[in-house]
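Trainee: The following block contains the structure, expressed as structure tokens.
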Amino acid sequence: MIKRWIPVLAMGAGAACALAQDFPNRPVKIVVPWPPSGNVDITARTVAPALGEALGAQVLVENLGGAGGRIGTTAVAKSSADGYTLLLGSSGTMTSGPAVFKNIGYDPLKDFVAIGAIQSVPIVLTAAPKTPVSSYKEFVALANAKPGQLSIASAGSGSSNHLAIELLMRRANLKLLHVPYKGSGPAITDLLGSQVETMMDQLTASIEHIRSGRLKALAVSSKTRSALLPDVPTLDELGVSGYEASTFTGIFAPAGIPVAAADKLHGALRRALSNETVRERYRSMGVDVMDMSRSEFAAYVRADLEKWRKIAREGNIVVE
């Protein structure tokens, strides 16, 4: 029996090796589970051409937004684990969202394999053109003058900037009116038109509007000031002691992807992120490229998920 099985096993191993060597032999798709123009979409479209060059295959970006990123993320989780359908995951879909949604439809640790980190970016507190504030101090005064009425937008319930808002309200003892949108793009559009008064969003999506003077930056969520906004203080500086919130992005594949394919994707991603044009584009958006091994990134995701779970438990934050 053993002798009969040896050739079969050898054939199976040979086929797997051949498949790994042949991968990819057709276009690879990255699903962005948010509408266009937000941080995750910008991140994907910045790295896709260089990733395709490193892989030797076309890399396509597809937006599949809705339900706070859950629709696109769930679709990828259920797709074939062959390496041809990937997820541009972020804090909102892989850590902060799963920490607060009551029924999310997928397990970020069991249903996905971490391929590689891309970048991390601070969140910025901004005010609309017609909102009568130009500093965080004035923002706090306005919020206290009309408790629960000052509107503040996010990319959606359970998104990382929603959690950042919840954390701010608790740490700064503020009552704000959270207005969840279906992605950062639609929220920023309304913010620019002053349909909503303020917003917390990733710097990548807001920086050009801040530079042009169309949005007013009041504070950043990072430990230190952003090099792109050196005059904008951190929330910690402004008296919200210990406040820190940022968003990471990275590529994930459905669980079960062959190790050889995952390793090939990770290697191609590292080469793409070493491209100076890509790095300069990210630097211009105020993000930090995350140089991590696959195991380091997987550990980072686990730790970030636990951090947000702790915040959600302590704040009793649950999103239906």
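Trainee: For a protection proxy built on the mean count of beta-carbon atoms within 10 angstrom, sort 207-220, 26-39 highest first, please.
Mentor: 26-39, 207-220
Trainee: With a cut-off of 8 Å between alpha carbons and a minimum separation of six or more residues, what is the relative contact order of the range 94-180 in percent?
Mentor: 30 percent
Trainee: If you don't mind, another one. So what is the relative contact order for the chain, in percent, with contacts set as C-alpha pairs under 8 Å and at least six apart?
Mentor: Reported relative contact order: 27 percent.
Trainee: Please say if the range 18-82 is rounded, prolate or oblate, where rounded means a/c under 1.5 for a ≥ b ≥ c the square roots of the C-alpha gyration tensor eigenvalues, and otherwise the choice is prolate for a/b larger than b/c and oblate otherwise?
Mentor: Oblate.
Trainee: Within the range 183-206, find all residues whose amide N lies under 19 Å from a label point positioned 7 Å from the Cα of K146 along Cα-to-beta-carbon.
Mentor: Only 190-200 fall inside the zone, counting backbone N under 19 Å.
Trainee: Compute a Gaussian network model of the chain, connecting alpha carbons closer than 10 Å, and tell me which residue from S96, S241, S79 fluctuates the most.
Mentor: S241
Trainee: Defining a contact as two alpha carbons under 8 Å apart and six or more residues distant in sequence, what relative contact order in percent does the range 189-320 show?
Mentor: This gives 18 percent for the range 189-320.
Trainee: Can you send over the carbon and sulfur percentage of the accessible area for the chain, probe radius 1.4 Å, protein chains only?
Mentor: It is 55 percent, rounded to a whole number.
Trainee: Name the residues whose placed amide hydrogens come within less than 5 Å of the amide hydrogen of F112, ignoring near sequence neighbours (fewer than 5 apart) on the same chain.
Mentor: For F112, the qualifying residues are A255.
Trainee: On a 26 Å Cα-Cα criterion, which of the cross-link pairs K146/K223; K78/K223; K110/K310 come out too long?
Mentor: K146/K223; K78/K223, as the Cα separations exceed 26 Å there.
Trainee: Want the number for K182 to R211: 0.36 nm per residue separation, take away the alpha-carbon distance, what's left?
Mentor: Gain on stretching K182 to R211: 8.0 nm.
Trainee: Hey, another quick one. Accessible area per residue, 1.4 Å probe, Å², for the range 211-320: what's the number?
Mentor: 49 Å²
Trainee: With the other protein chains left in place, how much accessible area per residue, in square angstrom, belongs to the range 124-196 at a 1.4 angstrom probe?
Mentor: Accessible area per residue: 40 Å².
Trainee: OK, next. For the range 297-320 and the range 193-213, what is the separation of their C-alpha centers, rounded to whole Å?
Mentor: That distance is 26 Å.
Trainee: For a protection proxy built on the mean count of beta-carbon atoms within 10 angstrom, sort 135-146, 265-276 highest first, please.
Mentor: The most tightly packed comes first, giving 265-276, 135-146.
Trainee: Under the rule a/c < 1.5 gives rounded, and otherwise a/b versus b/c splits prolate from oblate, where does the range 248-320 land using the Cα gyration tensor?
Mentor: Note, shape of the range 248-320 comes out oblate.
Trainee: Sort 164-177, 227-240 by packing, meaning the average of other beta carbons within 10 Å per residue, with the highest value first.
Mentor: Highest to lowest by the protection proxy: 164-177, 227-240.
Trainee: Rounded to the nearest Å, what's the spacing between the alpha carbon centres of the range 114-146 and the range 73-95? Just the number, please.
Mentor: 29 Å
The values are calculated or read from the model by the stated rules, or taken from the named source; none is laboratory data. Bear in mind the structure is a predicted one, so any value in this text is a computation, not a measurement. Note: ideal-geometry Cβ built from the backbone for every residue, glycine included; neighbour counts use all protein chains shown. These accessible areas exclude ligands, DNA and RNA; they are computed on the full protein's heavy atoms, side chains included. Shrake-Rupley method; radii C 1.70, N 1.55, O 1.52, S 1.80 Å.
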